[in-house]
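Before any comments, here is the structure.
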Amino acid sequence: TVWYHETMYPLLQGYDSVVMDVDLEIGGTDQEFNMLIGRELQRKMNNREKFVLTTPMIMGTNGKQMSKTSGNCIWLTDSAEEMFGKTMSLPDDQIVTYMENVTDIPLSRIEEVKGGLSNRSLHPMEAKKELAKSIVTQFHGVDKAEKAQEDFEKTFQQRNVPDEIPALSLNELTRESTIVDILEKSGIVESRGEAKRLIEQGGIKLNQLQVTNYKLQVEEMKPGDVIKVGKRKWLKLK
């Protein structure tokens, strides 16, 4: 098994370069060896050169390699608010790496940030705000980036509820409906299973109070109540 993993896997992956007859392969530094094997095979089997371009790895929001399973990805399709909030949750040691690899922030400014973080003249929170605003601006424009920063500061630094959040009318529910029904019907979670999991993990709050019972019913709620889902999602009852 070890022999197969260490010898056959790079050969089989590298053989893609031969089959596709590629000129250039781009990938993360973690794939450098496999891509170089493809370069060697291309040279020997097709008698031509293949170039390899590697890019540095950027980690996920928990400091580990990004993966859908880990739920630590910042998606290109995220809303401005989600993208800003996720960037703000990055470990401090990823700030400069992200600035260097996913933004247009001038290198001279990145050096200033690096120095400021090193000598503690710049707080990591402020550096992350600059990073998050730059990233969100690229995908959503400066206006939405500024709004996302404003919402983040209100919600997470001042502990306020955002001005604009999704709403669900209690008239759409029955008296027997539960908190799980509300979360599912609103579309704020992908499934009933996710709703229950969030409740079990302490990720649902009703008017800032943690919900521990997934059988909590609508009759115990009223218009104006606010449900917080995870770290960055909100739902208002009307």
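The values are calculated or read from the model by the stated rules, or taken from the named source; none is laboratory data. This is a predicted model, so every value here is computed, not measured. Ideal geometry is used to build each Cβ from the backbone, glycine not excepted, and the neighbour counts take in all protein chains shown. These area figures cover heavy atoms from the full protein model, side chains too; ligands, DNA and RNA do not enter into them. Shrake-Rupley method; radii C 1.70, N 1.55, O 1.52, S 1.80 Å.
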For residue 136, state whether it is under 19 Å from residue 232 (Cα atoms) and of a type in the set (Val, Ile, Thr).
yes
Only residues that are open to solvent by 40 Å² or more (accessible area, probe 1.4 Å), in a loop (DSSP other than H, G, I, E, B) and of a type in the set (S, T, N, Q): list them for the range 33-66, please.
46, 47, 62
Quick one: in the range 67-86, of everything that is surrounded by 13 or more Cβ atoms within 10 Å (Cβ to Cβ) and small (Gly, Ala, Ser), which residue is nearest to residue 131 (Cα to Cα)?
85
Given the options 198, 168, 235, 183, name the one that is surrounded by 17 or more Cβ atoms within 10 Å (Cβ to Cβ) and more than 27 Å from residue 61 (Cβ to Cβ).
168
Meets criteria (of a type in the set (Val, Ile, Thr) and out of contact with any Phe, Trp or Tyr (no Cβ under 6 Å at 6 or more places or on another chain)) for residue 188
yes
When you check residue 30 against the structure, is it within 22 Å of residue 129 (Cα to Cα) and surrounded by fewer than 17 Cβ atoms within 10 Å (Cβ to Cβ), yes or no?
no
In the range 206-232, residues that are modelled with pLDDT of 85 or more and either of a type in the set (D, E, K, R) or open to solvent by 80 Å² or more (accessible area, probe 1.4 Å) (or both) total 1
If I ask for residues that are open to solvent by 80 Å² or more (accessible area, probe 1.4 Å) and assigned to a helix (DSSP H, G or I), which ones from the range 153-165 would you list?
157
Could you run through the range 162-184 and say how many residues are within 18 Å of residue 204 (Cα to Cα) and of a type in the set (S, T, N, Q)?
2
Leading residue by the ranking (surrounded by the fewest Cβ atoms within 10 Å (Cβ to Cβ)) among those in the range 12-22 that are more than 32 Å from the chain's Cα centre (by Cα) and either among the charged types (D, E, K, R) or at pLDDT below 90 (or both):
21
